[in-house]
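Each remark here refers to the structure printed beneath this line.
Throughout, read-outs are computed from the coordinates displayed, never taken from laboratory work. Note that the structure is a prediction, hence the values are computed from the model and not measured. Glycine gets a Cβ as well: all are built from the backbone with ideal geometry, and neighbour counts include every protein chain shown.
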């Protein structure tokens, strides 16, 4: 498939249990599918909330737990792939995880956050150790989560492994505007890939999220960008643009190692 239509659900932070969050995911999936989207991307820890203290552990599930099954049902019902975030419980520890579920309800991609920022995440979560590239509808896709993207090596490894689209659920507050405004476009440009960054809007326990979710082209152009309210944004990705950009700016091809 040469073209791919993706959507981002920039959700408003709410103090709700996962059961209720699944309800608004259902509504968002229905709307995004109606807009012609083939993939719907949600923010980091979308099923649990981010700043919910001890509730993160209470809301943790296994990789194919009850809520994962419900997301699969939603994806199948609305015929749209869904990327969602959740606290994953495995081997007695917690991971900050993003999952990619196909329109047929199959879990195809799974990423545990590798880089944990200072604060409660380092105390609560274990670090992931792998980065995977998988194929969906003919596109090679990789996922990172939040802080992962702030390390250039992570996106570069994905691109070197063949990724054409990098999906990044995030939690960015008003003090981190430079990440979305500067780092996100640069990561797309320096690797010649499409990049979809999904953030929260609203407030959670006194912290204001900046919104600003965006989909960026391989040449660093912001194709579409959200403001600071709940919204679904969409864009059509074209493989021809990937090829054209990499011909003009062949950063991956021209990279060299230095002798030290």
Original post:
By how many nm would the segment from residue 236 to residue 248 lengthen if fully extended, with 0.36 nm per residue of separation less the alpha-carbon distance?
Top reply: 2.2 nm
Original post:
Over all distinct alpha-carbon pairs, what is the Kirkwood Rh of the range 200-260 in angstrom?
Top reply: 14.5 Å
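Based only on other Cβ atoms within 10 Å, what is the fewest-to-most ordering of 102, 229, 97?
Fewest-to-most Cβ neighbours within 10 Å comes out as 229, 102, 97.
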Subject >> Ordering of 7-15, 120-128, 208-216, 232-240 by packing [mean C-beta count within 10 Å, highest first] >> reply: 208-216, 7-15, 232-240, 120-128
**OP:** If a/c stays under 1.5 just call it rounded; otherwise compare a/b with b/c (prolate if a/b is bigger, oblate if not). Do that for the range 3-249, with a ≥ b ≥ c from the square roots of the Cα gyration tensor eigenvalues.
**Re:** rounded
Subject >> Relative contact order %, the range 3-249, counting alpha carbon pairs below 8 Å whose residues are six or more apart >> reply: 21 percent
Original post:
Of all DSSP beta bridges in the chain, what percent run antiparallel (nearest 5)?
Top reply: 65 percent
